[in-house]
Amino acid sequence: MKYISTRGQSPAQAFSDILLGGLAPDGGLYLPQFYPQIADRLAEWRTLEYSELAFRILSLFVDDIPAADLHAICTKTYAAETYRYCRPGCNAAEIVPLTTLEPDFHLLELSNGPTLAFKDMAMQLLGNLFEYVLEKRGETINILGATSGDTGSAAEYAMRGKHRVRVFMLSPEGKMSAFQRAQMYSLDEPNIFNIAVRGMFDDAQDIVKAVSNDAGFKAEYKIGAVNSINWARVMAQIVYYFKGYFAATRSNEEEVAFSVPSGNFGNICAGHIARMMGLPIRRLVLATNENDVLDEFFKSGVYRPRTSAETKVTSSPSMDISKASNFERFVFDLVGRDAGVIRELWRKVDGGGAFDLSHTAYFSALADFAIVSGRSTHADRLATIREVWERYGIMIDTHTADGVKVAREHSLPGVPMIVLETAQAVKFAETIGEALGRDPLRPQELEGIETLPQHVVVMDADVAAVKAFVAAHC
Ligand SMILES: *Cc1c(COP(=O)(O)O)cnc(C)c1O
């Protein structure tokens, strides 16, 4: 399997060569040259445990790591121990247990890993793949990132203790929830560096961009990233669509629908690929919050990324995006993988503009991709959290609530609906308090983490200071 760029002007690459990088040199995103077809494998895969299923699926996309090594990586990554923060009475060995709210309406628990958000599902794999490939090549990497919450902590917990990897993670001082701060800053690992920046998330993000644009510094200090456009993250996420399908159905003739709380289009992109591979998905439901750039596209054919000033701060913050960084992958398939069309469309997007497919054949072709969309607001979120708690005794987080709300608008009779549960309620205590008038439930093991000693350096939003810190710790 080789990987090609959506912009069509970079050479095809092997998996291990795109693993550590970000964008392709031509500015595009990497995708496999073709989607392996698996319809005739479903019977054999139905009863596999998660790590074995992951190995079968990843083997279709990774052909430059020996099978025994890839198998060992999957076994190590998807161990019950790592995903043990599940609801009382659950079976952690399932890795992504299915919780049934009512017949044909389920939650797929993707947030039972160390940081209680679905980002762990892919990031844990990335940590083990990075360590493996760097060791083979005798290289090191210094990951520099900015986070407003979920991504940074998932990266730190995935990379902690890994050889040849250091993580420098910038976060906006005082802007994350007490639980999120405790989660990140209580890590005491020689290869993890928390830097709280006096400013907003955008200030932290701008510093990362400025450092990455300094080619000399980047090369000298081997600066890398683990952002959501990384192909291996998308690939890892394909696996749980299969697992969820098997858990919600009895036979491979059945179809299901998935509802996906979406921001950067990474999670649902994996669902799209699972469907292209032949998994019987009737419908993919894309749920946004008030930042509804993707809902707008699927309804109107117009893709108009917002400015950061237009981006709203909401109570499902991990979906607060101005543009959807993985969306180009889907549009590449939508336009029949014509890289020339993508270059033309993203010439507008990269120049700060929009594109409109409404009067083109591509917009009619959207129906073939089975994605429908909807939007959810703060009031919807509160009502949904309350309703799910009162009716089923299940506490869901704000992002999952967006998924449940929009799923209800797009359910089809007789087609099981699987809502992807992307985080646990405890990460968003303030909104849970507002909805339910009580503290969120939390895994027992994480009682009191707010009182642990914290390890964080506070700095002004100053590029030179951050560079000096990185240089001093490499
Ligand atoms: C990242 C995140 C999302 C959005 O996922 P995308 O892949 O960016 O679409 C949704 N919910 C939670 C809790 C997240 O952390």
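Quick notes on this one:
- Flag for A471 being touching a residue at least 60 places away in the same chain (Cβ under 8 Å) and either in a loop (DSSP other than H, G, I, E, B) or of a type in the set (G, A, S) (or both): yes
- Residue, nearest to the ligand (Cβ to nearest atom), within the range 228-250, restricted to residues that are more than 20 Å from S325 (Cβ to Cβ) and out of contact with any strand residue (DSSP E or B) (no Cβ under 9 Å at 6 or more places or on another chain): V239
- Among the residues making up the range 267-280, those that are away from the ligand (no atom under 12 Å from the Cβ), open to solvent by less than 10 Å² (accessible area, probe 1.4 Å) and not small (G, A, S) are I273, M277, L279.
- Qualifying positions in the range 305-332 - in a helix (DSSP H, G or I) and within 14 Å of the ligand (Cβ to nearest atom): P317, S318, M319, F327, E328, R329, F330
- Looking only at residues in the range 134-165 that are farther than 17 Å from L19 by Cβ and open to solvent by 30 Å² or more (accessible area, probe 1.4 Å), the one that is farthest from the ligand (Cβ to nearest atom) is G161.
- Residues in the range 183-197 that are outside any strand (DSSP E or B), open to solvent by 30 Å² or more (accessible area, probe 1.4 Å) and closer than 18 Å to A471 by Cβ: P190 alone.
- Qualifying residues in the range 251-266 (those that are hydroxyl-bearing (S, T, Y) and open to solvent by less than 10 Å² (accessible area, probe 1.4 Å)) - the one farthest from the ligand (Cβ to nearest atom): S259
- Qualifying position, being touching a His at 6+ places or on another chain (Cβ under 9 Å) and either buried (at least 21 other Cβ atoms within 10 Å of the Cβ) or over 24 Å from L23 (Cα atoms) (or both), among L294, L284: L284
- Helices (runs of 4 or more DSSP H) fully within the range 198-293 that include at least 2 residues being under 15 Å from L42 (Cβ atoms) and of a type outside the set (S, T, N, Q): 231-248, 266-277.
- Helices (runs of 4 or more DSSP H) fully within the range 26-119 counting 2 or more residues that are at pLDDT 95 or above, closer than 30 Å to D338 by Cα and of a type outside the set (A, V, I, L, M): 50-59
- If you check D439, D368 for being charged (D, E, K, R), without any contact (Cβ under 8 Å) to a residue 40 or more places away in the chain, under 28 Å from G301 (Cβ atoms) and open to solvent by 10 Å² or more (accessible area, probe 1.4 Å), only one passes: D368.
- Under the condition of being open to solvent by less than 30 Å² (accessible area, probe 1.4 Å) and small (G, A, S), the residues counted in the range 371-398 number 3.
- Just one of the listed residues (E131, E102, E81, E49) is under 22 Å from V226 (Cα atoms), open to solvent by 10 Å² or more (accessible area, probe 1.4 Å) and more than 17 Å from the chain's Cα centre (by Cα), namely E131.
The values are calculated or read from the model by the stated rules, or taken from the named source; none is laboratory data. In this text, all values refer to a predicted model and were calculated from it rather than measured experimentally. Every residue, glycine as well, gets a Cβ built from its backbone with ideal geometry; the counts of neighbours run over all protein chains shown. To get the accessible areas, we keep the full protein, side chains included, count just its heavy atoms, and leave off ligands, DNA and RNA. Shrake-Rupley method; radii C 1.70, N 1.55, O 1.52, S 1.80 Å.
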